[in-house]
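**Student:** I'd like to ask some things about the structure below.
Nothing in this text is a laboratory measurement; each read-out follows from the coordinates by a stated rule. Quick caveat: nothing in here was measured; it's all calculated off a predicted structure. In this analysis, Cβ positions are derived from the backbone assuming ideal geometry, glycine residues included, and neighbour counts consider all displayed protein chains.
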Amino acid sequence: MEILLYILIFLFGTIIGSFLNVVIHRVPRKESIVYPPSHCPKCGHELKTIDLIPILSYILLKGRCRYCGEKISARYPVVEVLTGIVFLIIYYKFGLDFKAFSYMFLASILISISFIDMEHKIVPNKIIIAGFVGAIIFRLLMYNYGFLDYVLGLILGGGILLLISLISGGEMGGGDIKLMALIGFFIGWKLTILVLFLSVIIGALGGAILVALKIKGRKDYIPFAPYISIAWFISILYGYEILNYYIKFIRG
C-alpha cells in the first residue's frame, strides 16, 4: 500500500509538472495559462489527451509533434520528472499534511521561476503574487506554527538581498529579492538565513563551473533563481540538522 502511495505521489507530481510547463511557456509571453487549450507552439494544432500524458507522450512521440513533426523541447519531460521526484522526496520527509502541501506548492513556484529565469532572464511578478496568495492561505491553515517567525523570514529574506542590491549598485535583481521574501514567508527566519548562505555558495560554485566550461562568460547573466531554489530544497530537508551542527561547531 505504501509503495502504491509513493507511485501516486510521483504521478501527481508529473501532472503538476505538465501544468508548470504551460506556465513556463506562456507567462513570459504574457499569454493566458487557461485559454487556448494546449497546442503545438509551431503548427498551433490543439493537442489531444494522448499527446499530454506526462513523460510517456514525449517518449511515444519520440520528442516530436504528432501533427507537424517539430521537435519538442526536452524541458517538458525534465520538468515533469523533476516535479515528480521533488514531490516524492517531500512526501518521504514530511508525510501528507499542510506543511508538506505548502512545500509542494512552493516547489512548483520555484521550478516554474527557475526555468523561466534560465530561459528568459526574468522572475515574473505574476508567479510571485500567486506564491504570496498561496503563502497567506497556508499561513492561515497553519496558524499554530506561529506567524511572527514567518513575517520575520519575509523581511529578512527580502531585506538582505535588497541591501546587497543597494550596495552593489543593482547587481542583485528585483525578482530575486521578491523571490527570497516569498521563501522567507514560507519557512521562517532561521531557515531563511541558511537559504541565503547556501544560495551564495551554490551560486558561486555554479557560476564558476559555467564559466570554466565556457557555457557562460564572466560578464554574462547567470540566473540566480535556480540556486536559491536548490538552497531552499536543501534547507527544508536538512536545514535544522545543518544549523545544529554549526552551533555545536561554534561552541567547540
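**Student:** Do any trypsin sites (Lys or Arg not before Pro) in the range 1-91 lie in a DSSP loop with no more than 10 other beta carbon atoms within 10 Å, and if so, which?
**Tutor:** When the trypsin sites (Lys or Arg not before Pro) of the range 1-91 are filtered for loop state and at most 10 Cβ neighbours within 10 Å, K30, K62 remain.
**Student:** Which loop-located trypsin sites (Lys or Arg not before Pro) does the range 99-134 contain, where loop means any DSSP state but H, G, I, E or B and the Cβ has at most 12 other Cβ atoms within 10 Å?
**Tutor:** Numbers: sites: K99, K121, K126; in loops: K121.
Here no trypsin sites (Lys or Arg not before Pro) fit, given the DSSP loop and packing criteria.
**Student:** Compare the Cα positions of L52, I3, C40 along the charge dipole of the range 1-95 (+1 at Cβ of Lys, Arg; -1 at Cβ of Asp, Glu; about the Cα centre) and return the one farthest towards the positive end.
**Tutor:** The one lying farthest along the dipole's positive direction is C40.
**Student:** Given C-alpha coordinates of the range 1-95, what is the ratio Rg to Rh with the Kirkwood estimate of Rh?
**Tutor:** Answer for the range 1-95: 1.02.
**Student:** Under a 5 Å amide H to amide H cut-off, with H placed in plane at 1.01 Å, what residues pair with H39 once short-range neighbours are removed?
**Tutor:** Those lying under 5 Å, H to H, from H39 are L47.
**Student:** Positive end of the dipole of the range 97-251, charges at C-beta (+1 Lys, Arg; -1 Asp, Glu), about the Cα centre: which of L163, I122, G174 has its Cα farthest in that direction?
**Tutor:** L163
**Student:** If you don't mind, there's one more thing I want to ask. Just how large is the dipole of the range 97-251 about the Cα centre, in debye to the nearest 20, putting +1 at every Lys and Arg Cβ and -1 at every Asp and Glu Cβ?
**Tutor:** 220 debye
**Student:** If you line up the long axis of helix 174-212 against the longest principal axis of the chain, both from Cα atoms, how many degrees apart are they, to the nearest 10?
**Tutor:** Result, in degrees: 70.
**Student:** Using a Gaussian network model of the chain with C-alpha springs under 10 Å, which one of G184, G175, G217 is most mobile by mean-square fluctuation?
**Tutor:** Sorting by GNM fluctuation, first place goes to G217.
**Student:** Could you give the length gained on full extension between I129 and I234, defined as 0.36 nm per residue of separation minus the Cα-Cα distance, in nm?
**Tutor:** Contour length minus Cα-Cα distance gives 35.4 nm.
**Student:** Which residues does a label at F12 reach in the range 231-246, if reach means a backbone N under 14 Å from a point 7 Å past the Cα toward the Cβ?
**Tutor:** In the range 231-246, the label zone of F12 (backbone N under 14 Å from the point 7 Å along Cα→Cβ) covers no residue.
**Student:** Contact order normalised by length for the range 1-95, with contacts defined as Cα pairs under 8 Å and 6 or more residues apart; what percent is it?
**Tutor:** Relative CO of the range 1-95 lands at 42 percent.
**Student:** Given labels modelled 7 Å from the Cα in the Cβ direction, how far is it in nm from S38 to I137?
**Tutor:** For the pair S38/I137, the computed spacing is 2.1 nm.
**Student:** Shifting gears a bit: Could you check how many percent of all C-alpha pairs in the chain are farther apart than 34 Å?
**Tutor:** Distances greater than 34 Å cover 21 percent of the Cα pairs.
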